[in-house]
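Notes follow the structure.
The values are calculated or read from the model by the stated rules, or taken from the named source; none is laboratory data. Remember, predicted model here, so these are calculated numbers, not experimental data. Virtual Cβ from ideal backbone geometry, glycine too; neighbours counted across all protein chains shown.
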Amino acid sequence: MKVLEDSGSSVALQLEGIDRSYANAIRRFCIAEVPSMAIDDVVILENSSVLYDEILAHRLGMVPIRTDLERYNLPEECDCGNPLGCHKCRVLFVLDAKGKDKVMTVTSGDLVSEDRDVRPVSESIPLIKLAAGQSVKLEAYARLGRGKEHAKWQPCTVATLTDGKKEGVFILTVESAGGLPAKQVVLKAIELLEKKLKEIQVAVGGPD
Amino acid sequence: MMIPIRCFTCGNLIGDKFVPFQGRVKGGEEPGKVLDELGLKRYCCRRMLISSIDVIDQVLPFYSRKPEL
Amino acid sequence: MSKQFAASNSWVILSDLLQREGVARQHLNSYNEFVTRGLQNIADEINEVEIETVSTPYKVKFGRVTLGSPRVVEIDGSVSSILPMESRLRNLTYSAPILLEMTIEEEGLPRDTTRQHIGDLPVMVKSELCQLSNRSREQLIESGEDPNDPGGYFIIHGAERVIVGLEDLSPNKILVDAEKLAGATTYKSRVYSSVVGYRSKLELTLKQDGGINVKIPSCPVDLPYVIVMRALGIKSDRDIANAVSPKQEIQDLLEVSFDKASEAPTEKDALVYIGNRVAHGMLEEFRVKRALSTLDWGLLPHLGKTEDRRFDKSMFMGEAACKLLELRLGWIEADDKDHYGNKVIKFAGQMLADLFRTAFRNLVRDMKYQLERTGQKRGGNVVGAAIRTGIITDKLNNAIATGNWGRGKVGVTQLLDRTNYLSTLSHLRRVQSPLSRSQPNFEARDLHATHFGRICPSETPEGVNCGLVKNLALSAIISVSVPSQEVEGKLWELGAKQIRDSDEKLQVEGCRIFMDGRFLGYVDDGERLAKAFRKLRREGQINPSASVLYISPVNDNAYPRIYISLSSGRVLRPLVVVESGRPLLNPEMISKVSGGQSAWRDLVDQGTIELIDANEEENCLVAMGPEDVTTRNSHMELFPAAMFGIAASIIPYPEHNQSPRNTYESAMAKQSLGFSSPTYPISPHVRQHLLVSPQAPVVRTRTLDLLKIDERPLGTNCVVAVLSFEGYNIEDAIIMNKSSVERGMARSFFYRLYDGEAKQYLGGMRDTFEVPSAESNIRGYRGEKFYRLLEGDGVVAHESQVAGGDVVIGRTSPPRFMEEYKEFEIKGPYRRDTSVAVRPSEAGVVDSIFMTENVEGGKMFKVRVRDMRVPEIGDKFASRHGQKGVIGLVVPQEDMPYTAEGIVPDVIINPHAFPSRMTVGQFIESIAGKAAAFRGSPVDGSAFAGESIDEMEKVLRGRGFEPTGREVMYDGKTGKKFATDVFVGVVYYQKLHHMVADKIHARARGQVQMLTKQPTEGRARGGGLRFGEMERDCLIAYGASMVLKDRLLDEADKTEIYVCERCGLIAYYDAKQRKYTCKIDGDQAKISTVVVAYAFKLLLQEMMSLNIAPRLQLKDKV
């Protein structure tokens, strides 16, 4: 194995000696299984803008959020057992904006997070435009989720497995969506793949 | 209504690049180059920026006239 | 000059033309003309009405017609001015009062002049009468109005209705035709003579025996030609023959006609002859009178209806016969009815004039009757009281609201299509042909060479209306009428001679001149005259709408003829004038227009650009572009792509597609979802769609600027791969990327408006908006849970989730039949529940609630429910090349194929979509779309003038891509490279408004029809799916008789009936006596139960009602 590129947002690995199916499984895990943070539940307290609640909620969901896999659990795996979640499986964001005399663009920077490390990857993502007098007030809950559930939880934008120059050599390229470093996405994918394989191993009755 | 936050095709964040892109193109820069500099190398993300339309801008003037409350 | 010059630059002129005039110019011009002149003319036609009272009769004279501004009269009598948006929201009619000056004249002396309100005229939005016509963009927004709305439609009871253009045969034209019937050829010469509000067809037939017969509508039988000519006052046979033609060959052919007229040798005899046929069995004096009035009124009324016009009529008849005989001799060719020069298009103004004329006559008749009944009293007030304004108002409103124009004309108006902005524009440029859709009319449906630049060659529906419903091309301009006096004066100056002043030589060798169906005279050199006429027109001395056609016949013996047309409704198109091989349009002029210093009209006034109708184009040789211009050319095309209409002009590279594909796309573009109007938050349309993230196409056409596609887009640019995918995209299905869908691609909203108004009933009862309560015994109470979302005022809460059956407007109405209940119900009558509920198969969120008052003063609620539609399996999509398909599978991103770069296509279409359909335009668009993304700027794909594919290939190569658009792809499931490269590119996809959510339907049990007890039909009523004859045949053939019985009886309308075995007729169960009864056999009856279909029981009873006794013979089941 050789690391061809590792820039944080993108990682490229040259793989040799493993089966294509195993390499592709890593690629697929990068897209669908590695968890990342995204806004999922939005409580709209007030919305007099022209964007409907549904659209606004969808837009919030699409905002890429810096993810800390160490400190947060997937809600279904969290030990709090609370359907509303706890500080270990959800992060609260608050948005309170009011249109002044001119048309105003509310951006991701206006989202106030309860956890300073969990915040949108960019401050300048336009969320909504407000005319004078219009206002939006909401609470948004971000949580970890998987790409197979919804595209907003995909930690990477592209994940490709291409043929290398020689037979049996593959190049795995993963580009991060911003929430996690690309390298971590791949590592987590491998970890999750291992875990799943282990589960199969256990299920078949092999050694733990 | 508004520029999508991510590229439909690959999921890359593009929403925050729309305003700079439009501003620089209006300023006379070559759009292809601006896109390159914004780091959008795939054609899927590039088409999002050059073709999306903030139709909300046409709706807002209807509300700007009468400040509510 | 290069191709680029023609294409990119002269487009500016056309763009200026369309920007300034707007796409609905033809409607607005026509309506404005009607308002400024038409109304006055109709009032002047009647001019006065005599009131015949016993003692002192008097007259009411009509003066000037004036119009107020659009307004509404509220229930309390207060009058307030209204704007279109208020009319739409409150279900009002956007109309203005018509005021007519009336003067009472007694014994020839004018007494009292008053202005009377005679009715309301619906106002065309953005016409001169409309309040919006001269508002700026900002002011329009302030009025709540879409600044890009083209206008050109009416608002009747809140509904937007368009009077679509009606194609008609040009009036007053002699058209000759040879009809082959059973081997024999008959020659006919036809004229549709029409004056305002009146039309009469004249037909001359050359019989097999060589005689000419004349057919006029007011005469039941055909008349010999020569007799009609004599009756018109031409005394000598020589003159009659010369009126036809002084040429010997023609006169020889007239011999039979003269022989046939031998029984009426004089004018008097001729009149008696005609009189015998139109007024048989009356006094001779009366018969002659009738004959004369038939000639004056029924024959060629467009030349006048008075005695002194008979000479003109005889000359015109001469010409009609002359053309007929010239055709017989093969000197000229038969006229082509489908030539667009022989067609005119009628718009709102003309249509309303027809309607207003009859309504106004009715009003005057009614007024006369009222005044005569009133008797002695007179004066302005009395006249005012005698006017029933409803006669005009109701007639106009009803006609526009229903499209019934009287005299069998239906479907004249249509509900304005607001699916997207483009469909609205296209609807306003639609033209309908009155020809029957049930007959083949093959020629009329065909595309004609003269349609070029006037009618879109692609945009027409498929099926019954194919070729009959057309759309104006972008370059089409509808003529407005030109005053004839000045043009006529110019003709005399140019050397034309009146018929009477023409000597014999001129009459033989000269050229005949016609102007709008009038035979004006002769000129020695017709070609010279036509040339001089055109010169004057280019110099601005003759109106640019006037057209001249010079016809030199195929045979030198026939007359050359000049036709000058000044009428309105002709389809003109702008062409660049070419003089001695050089187009007059130069780059400076173009840059001036693009810079805004001058307008296209200035170029017309300078004579650089000419407006040419289909007739005059016969005299032109038009070059397609600067590089094609030779000294033989008279004109050059302005912008060839303007030959397309609105819908077809959104197709990129259409010239690379098989033509029917462009037709299909023209139809589909009108169904695509987009952003139709910025007023969508308050638009009160019953159904409405909105695409959440619309995009402008990256491969565009220049005409898209005109359609404001950057403001009103109607699709999304998708990354499209041409690849098969596990069989889920066969038969035109498409595969969609689940992640793209989740990221918001092609997401749309569907809105439905529910409205309810409080009606007032006789006796002061009225509907009330309330939450119907279970305690107050309301008939039709639905159950508490259906009303749960209602608030105190009886209307749902904003933003609440509603599903099928939930009440959105709670309303109760007074009982229908008050007296009946009183007799036997102690508690008195119950109120009825007339709440408005969400449609059974729909759901959504309450989007907006409007509360207003209608004209009757009743409270009115409009509730709009929105539903988010995320693309799902079964939703219909289409590219701009007639390639439509439904989603066959939504695939998770990790399972989809990816390119080396990592791009996962949004859409995968099947390669089989291309070979037979030959939509090469889509391939080019795909490559161009990819190049456009790399380049960062859109690619111009205008028809005939688009950017070349070489350019795009260069861009792709520069980025390291194959110029063919093919890329290496890997299977997402296995990670294996595909054996072949895959064609991937960016294509503009439209989401069409056929979505599964609106179609999905199943039924287990449900409603049945009242009459037959069979399951209802249709999704809206929860109906069953018909198990039809063919399906039945299958079961019979298979022998599945139990299934057959199950479908057709048990699960349909199974009933038990009681039959008396003795008489075989239906018996019944008497519940009071608790026994089965047969009315016929009484005590002897033997009654059995029989299981039959309810429809069969119904049949028996219907037969019984016809005095037939259908007796059933029962036997025991073995």
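Overview of values
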| quantity | calculated |
| --- | --- |
| Among (1) part of a strand (DSSP E or B); (2) more than 10 Å from every other protein chain (Cβ to nearest Cβ), the one test that A:Leu193 misses | (1) |
| Exclusive hit being under 21 Å from C:Val571 (Cα atoms), surrounded by 14 or more Cβ atoms within 10 Å (Cβ to Cβ) and aromatic (Phe, Trp, Tyr), set C:Tyr58, C:Tyr31 | C:Tyr31 |
| Residues of the stretch C:138-179 that turn out to be over 17 Å from C:Ile682 (Cα atoms) and among the polar types (S, T, N, Q), as a count | 3 |
| Scope the stretch C:698-716; condition within 13 Å of chain B (Cβ to nearest Cβ), touching a helix residue (DSSP H, G or I) at 6+ places or on another chain (Cβ under 7 Å) and buried (at least 21 other Cβ atoms within 10 Å of the Cβ); matching residues | C:Val698, C:Val699, C:Leu704, C:Arg712, C:Leu714 |
| Given (1) more than 20 Å from C:Ile908 (Cβ to Cβ); (2) within 14 Å of chain A (Cβ to nearest Cβ), index of the condition C:Val719 fails | (1) |
| Residues (within 30 Å of A:Cys80 (Cβ to Cβ), surrounded by fewer than 21 Cβ atoms within 10 Å (Cβ to Cβ), at the interface with chain C (Cβ under 10 Å from one of its Cβ atoms) and free of Cβ contacts under 8 Å to residues at least 24 places away in the same chain) located in the stretch A:116-164 | A:Glu149 |
| Listing of helices (runs of 4 or more DSSP H) fully contained in the stretch C:649-768 that carry 2 or more residues being at pLDDT 95 or above, among the small types (Gly, Ala, Ser) and within 30 Å of C:Met969 (Cβ to Cβ) | C:738-742 |
| Total residues in the stretch B:1-16, condition more than 7 Å from every other protein chain (Cβ to nearest Cβ) and within 19 Å of B:Ile56 (Cβ to Cβ) | 1 |
| Of residues in the stretch C:171-224 being among the basic types (Lys, Arg) and either under 35 Å from the mean Cα position of the chain (by Cα) or at pLDDT 90 or above (or both), the one surrounded by the fewest Cβ atoms within 10 Å (Cβ to Cβ) | C:Lys180 |
| Among residues of the stretch C:534-570, those that are within 22 Å of C:Val604 (Cα to Cα), out of contact with any Leu (no Cβ under 7 Å at 6 or more places or on another chain) and not in a strand (DSSP E or B), counted | 14 |
| Pairs, first in the same structural domain as A:Gln134 (by TED's automatic domain parsing) and more than 28 Å from A:Asn73 (Cβ to Cβ) in the stretch A:84-107, second part of a strand (DSSP E or B) and at pLDDT below 90, C-beta under 9 Å, six or more apart | none |
| Lone qualifier among A:Asp96, A:Asp19, A:Asp101 - being among the acidic types (Asp, Glu), away from every other protein chain (no Cβ under 12 Å) and over 22 Å from the mean Cα position of the chain (by Cα) | A:Asp96 |
| Sole residue being more than 14 Å from chain A (Cβ to nearest Cβ) and on the phi > 0 side of the Ramachandran plot, chosen from C:Gly936, C:Gly941, C:Gly929 | C:Gly936 |
| Residues (at the interface with another protein chain (Cβ under 7 Å from one of its Cβ atoms) and either part of a strand (DSSP E or B) or of a type in the set (Asp, Glu) (or both)) located in the stretch B:31-66 | B:Ser52 |
| Top-ranked residue of the stretch C:524-544 - restricted to ones that are among the small types (Gly, Ala, Ser) and surrounded by 21 or more Cβ atoms within 10 Å (Cβ to Cβ), ranked as nearest to C:Glu509 (Cα to Cα) | C:Gly526 |
| Verdict on C:Gly921 being in a loop (DSSP other than H, G, I, E, B) and away from every other protein chain (no Cβ under 12 Å) | no |
| Unmet criterion (only one of (1) in contact with a strand residue (DSSP E or B) (Cβ under 9 Å, 6 or more places away or on another chain); (2) assigned to a loop (DSSP other than H, G, I, E, B); (3) closer than 30 Å to C:Asn9 by Cα; (4) in contact (Cβ under 8 Å) with a residue 24 or more places away in the chain) for C:Phe944 | (1) |
| Candidates C:Arg743, C:Arg752 - the one that is basic (Lys, Arg) and either within 14 Å of chain A (Cβ to nearest Cβ) or surrounded by 21 or more Cβ atoms within 10 Å (Cβ to Cβ) (or both) | C:Arg743 |
| Residue satisfying condition, being touching a residue at least 24 places away in the same chain (Cβ under 8 Å) and among the aliphatic types (A, V, I, L, M), within set C:Ala1067, C:Ala1071, C:Ala1093, C:Ala1037 | C:Ala1093 |
| Within the stretch A:42-66, tally of residues that are within 14 Å of chain B (Cβ to nearest Cβ) and either among the small types (Gly, Ala, Ser) or touching a residue at least 24 places away in the same chain (Cβ under 8 Å) (or both) | 16 |
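Per-residue answers, yes or no, for (1) of a type outside the set (Ser, Thr, Tyr); (2) touching a helix residue (DSSP H, G or I) at 6+ places or on another chain (Cβ under 6 Å); (3) assigned to a loop (DSSP other than H, G, I, E, B):
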{"position": "C:Glu101", "(1), (2), (3)": "yes, no, no"}
{"position": "C:His117", "(1), (2), (3)": "yes, no, no"}
{"position": "C:Leu121", "(1), (2), (3)": "yes, no, no"}
{"position": "C:Met124", "(1), (2), (3)": "yes, yes, yes"}
{"position": "C:Ser127", "(1), (2), (3)": "no, yes, yes"}
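So that you can scan it fast, the table gives a plain yes or no per residue for (1) over 18 Å from C:Thr103 (Cα atoms); (2) loosely packed, with under 15 Cβ neighbours inside 10 Å; (3) outside the structural domain of C:Glu33 (by TED's automatic domain parsing):
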{"site": "C:Ala353", "(1), (2), (3)": "yes, no, no"}
{"site": "C:Ala359", "(1), (2), (3)": "yes, no, no"}
{"site": "C:Arg365", "(1), (2), (3)": "no, yes, no"}
{"site": "C:Gln370", "(1), (2), (3)": "no, no, no"}
{"site": "C:Arg373", "(1), (2), (3)": "yes, yes, no"}
{"site": "C:Gln376", "(1), (2), (3)": "no, yes, no"}
{"site": "C:Val382", "(1), (2), (3)": "no, no, no"}
{"site": "C:Ala386", "(1), (2), (3)": "no, no, no"}
{"site": "C:Ile392", "(1), (2), (3)": "yes, no, no"}
